[in-house]
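Undergrad: This structure is in structure tokens; I'll ask about it shortly.
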Amino acid sequence: MVWVTAQAGREPRTGELVPGGIEGQLNQAIDNLAAILDDCGSSLDRVVRTQIMYTDAADEELIDAVCARRFGMPLPVRTAWGVKFLAAEPGSELVRVQIDCVAGTA
């Protein structure tokens, strides 16, 4: 099993949050998960569980849609909850979403 934690919508080379609001950040966070999983001999289609923290309840339907597009069927089990804020390290920009996952390996 592979556990990947605390992926936000940051471009790995620069550490900067990507544009595009919640959708851009969630897609980048999932791209980051995919790269880490690949390095560990796994992939998004082997994800069995995700945890997603988000800062705006109005984004729930968009989160559902992005996850449905990005993860294979059957969709992984997901726990999601709203939080007041997510750490904005290294700068003061607004982190809108963060995702963790557990995946199997080959």
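The values are calculated or read from the model by the stated rules, or taken from the named source; none is laboratory data. No experiment lies behind these values; they were computed from the predicted model shown. Reconstructed Cβ throughout: ideal geometry from the backbone, glycine too, with neighbour counts over all protein chains shown.
Undergrad: Examine region 27-44 for a residue that is of a type in the set (D, E, K, R) and under 11 Å from the mean Cα position of the chain (by Cα), and state whether such a residue exists.
TA: Within region 27-44 (the criterion being of a type in the set (D, E, K, R) and under 11 Å from the mean Cα position of the chain (by Cα)), the answer is yes, since at least one residue qualifies.
Undergrad: Going by the conditions given, is residue 69 under 15 Å from the mean Cα position of the chain (by Cα), loosely packed, with under 13 Cβ neighbours inside 10 Å, among the basic types (Lys, Arg) and modelled with pLDDT of 95 or more?
TA: yes
Undergrad: Going through 71, 85 one at a time, which residue ends up being touching a residue at least 24 places away in the same chain (Cβ under 8 Å) and more than 14 Å from residue 99 (Cβ to Cβ)?
TA: When all the criteria are applied, what remains is 85.
Undergrad: List every residue pair whose Cβ atoms sit under 6 Å apart, with the two residues 6 or more apart in sequence or on different chains, where the first one lies in region 38-55 and is free of Cβ contacts under 8 Å to residues at least 60 places away in the same chain and the second, anywhere, is polar (S, T, N, Q).
TA: These pairs meet every condition: 51/79; 53/98.
Undergrad: Quickly run through region 17-55 and pick out the residues that are more than 17 Å from residue 67 (Cα to Cα) and either surrounded by fewer than 13 Cβ atoms within 10 Å (Cβ to Cβ) or in contact with a helix residue (DSSP H, G or I) (Cβ under 8 Å, 6 or more places away or on another chain) (or both).
TA: 17, 18, 19, 38, 39, 41
Undergrad: Could you check region 80-96 and list, in sequence order, the residues that are of a type in the set (Gly, Ala, Ser) and at pLDDT 90 or above?
TA: 80, 82
Undergrad: Going by what's in this entry, would residue 65 be described as free of Cβ contacts under 8 Å to residues at least 40 places away in the same chain, within 20 Å of residue 87 (Cβ to Cβ) and not polar (S, T, N, Q)?
TA: Answer is no for this residue.
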